[in-house]
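Written out below as structure tokens is the structure these notes cover.
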Amino acid sequence: MQDLTNAFVELIRRTSTDLPGDMELALRDAREYEAPGSAAQGALDTMLVNQEMSRRLSRPICQDTGTPIFEVHYPVGWSTRALAAQIKQAVVIATEKAYLRPNAVDSISGANSGDNTGTEFPTIHFHEWDEDVVQVDLMLKGGGCENVGAQYSLPNAPLKAGRDLEGVRKVVLDAVQRAQGQGCAPGVLGVAIGGDRGASYAFSKQQLFRPLGDRNDDPELAALEETIKEQANELGIGPMGFGGKTTVLDVQIDSLHRLPASFFVSVSYMCWANRRRSMIVRGEEVTYQ
Ligand code: SF4
């Protein structure tokens, strides 16, 4: 099996320092939409200058380089233990090169491991598939936006949210309202309906890998994605909470089967520094998206 350690380091560098094109475009569009000279427009201008400098200088887009979350899709015959070891080694090298801030802290002692490794750190999920290529998707999930993620168990009496899509709409908007600017808006929302608590949160985060504007195949969920996006942007929270028309750049929803007794809705909030990239390994060739 080939050694992909250096390729993983490059994946981390690109993810940490080069905002995806769809995010940059969405921030540029939002900038034009905000009132000229407003704090909202100023915040978006700062983000755009920031991401341009980060790309040019190969420096992290934000000081919090987040939790590295790797989703590894691999063909039959690859060793997941070997891939995990290469990913961890790449994380150590990327930390030495300052593409990542040392972010792994022992929850009991408070000690920082110094190299972004620790118990279940980084996060790595493996998925065997039928393709003959390896695809590795990486997300760097910032702490501030992670803190404003939320999970609801429906029905929710205070919000008058029942076990239906109208209930889902109410709780997702509640999560945005509670977050205010603390998730470093404008954000992107990944929403999971159903599952148990753990699966629901993990699935909501997987929605954040979808490109902006991607709509669910289910017309009802696609319509809900549009409705929540529109209504979240009517809340007036705006970029970084300064007020304005742009609170979220997109909303992406999908559903899981659930127990009859449970109806969870999980909301993962991704900040404007929406760092996600993919790497494809086809034979000896490695490409990045
Ligand atoms: S939430 Fe995002 S933009 Fe804000 S500090 Fe954290 S990583 Fe940076």
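In nm², what is the average projected area of the convex hull enclosing the Cα atoms of the stretch 1-138?
The orientation-averaged projected area of the Cα hull of the stretch 1-138 comes to 10.5 nm².
What FRET efficiency would be calculated for the residue pair ASP217, SER58, taking the C-beta separation as r and a Förster radius of 45 Å, to the nearest 0.05? Numbers along the way, then the final one.
On the way: r = 38 Å, r/R0 = 0.84.
Here the calculated transfer efficiency is 0.75.
Enumerate by residue number the trypsin sites (Lys or Arg not before Pro) in the stretch 30-131 meeting two conditions: DSSP loop (anything except H, G, I, E, B), and at most 14 other Cβ atoms within 10 Å of the site's Cβ.
For trypsin sites (Lys or Arg not before Pro) across the stretch 30-131 that sit outside H, G, I, E and B with at most 14 neighbouring Cβ atoms in 10 Å, the list reads LYS97.
If you wrap a convex hull around the alpha carbons of the stretch 144-270, what volume per residue comes out, as a whole number of Å³?
Roughly 90 Å³ of hull volume per residue.
What ranking, highest mean first, results for peptides 209-217, 168-176 when packing means the other Cβ atoms within 10 Å averaged over each residue? Don't skip to the answer; put the middle values down first.
Values: 209-217: 14.0, 168-176: 21.4.
Top to bottom by mean Cβ count within 10 Å: 168-176, 209-217.
Return the loop-located GluC sites (Glu not before Pro) in the stretch 38-121 (DSSP other than H, G, I, E, B) with at most 11 other Cβ atoms within 10 Å of their own Cβ; answer none if there are none. Could you put the intermediate results ahead of the total?
Details: sites: GLU52, GLU71, GLU96, GLU120; in loops: GLU120.
In loop regions of the stretch 38-121 (DSSP not H, G, I, E or B), the sparsely surrounded GluC sites (Glu not before Pro) are GLU120.
Can you pull out the GluC sites (Glu not before Pro) in the stretch 181-289 whose DSSP state is coil and whose Cβ has at most 15 other Cβ atoms within 10 Å?
GLU234, GLU284
Within 11 Å, Cβ to Cβ, of ARG282, how many net charges do the neighbouring residues add up to if Lys/Arg are +1 and Asp/Glu are -1?
-4
Please give the length that would be gained between SER113 and VAL133 if that part of the chain were fully extended, namely 0.36 nm times their separation in residues minus their C-alpha to C-alpha distance (nm, one decimal).
Taking SER113 through VAL133 to full extension adds about 3.9 nm, to one decimal.
With each pseudo-label sitting 7 Å past Cα toward Cβ, what's the ASN50-VAL105 distance in nm, one decimal?
2.0 nm
Per DSSP helix of 4 or more residues, -39500 (n - 2.57); summed, then divided by the residues of the chain. What does that give at 222 nm, rounded to the nearest 500?
Theoretical 222 nm ellipticity from helices: -11500 deg cm²/dmol.
Mind checking which aspartates and glutamates have their C-alpha under 19 Å from LYS97, skipping anything on the same chain fewer than 8 residues away?
Output for LYS97: GLU10, ASP18, ASP64, ASP115.
Can you tell me the relative contact order of the chain? Whole percent, Cα pairs under 8 Å, sequence separation 6 or more.
Details: 585 pairs, mean separation 69.4, N = 289.
Relative contact order, the chain: 24 percent.
Using 0.36 nm per residue of separation minus the Cα-Cα distance, give me the extension gain between ARG178 and ARG81 in nm, one decimal.
30.9 nm
How large is the Kirkwood hydrodynamic radius of the chain, counting all unique pairs of alpha carbons, in Å?
19.7 Å
Every read-out reported here was derived from the displayed coordinates using simple, explicitly stated rules and does not represent laboratory data. From a predicted model like this one, the values you see are computed outputs, not experimental measurements. Don't worry about glycine lacking a Cβ; one is built from the backbone with ideal geometry, like all the others, and counts go over all protein chains shown.
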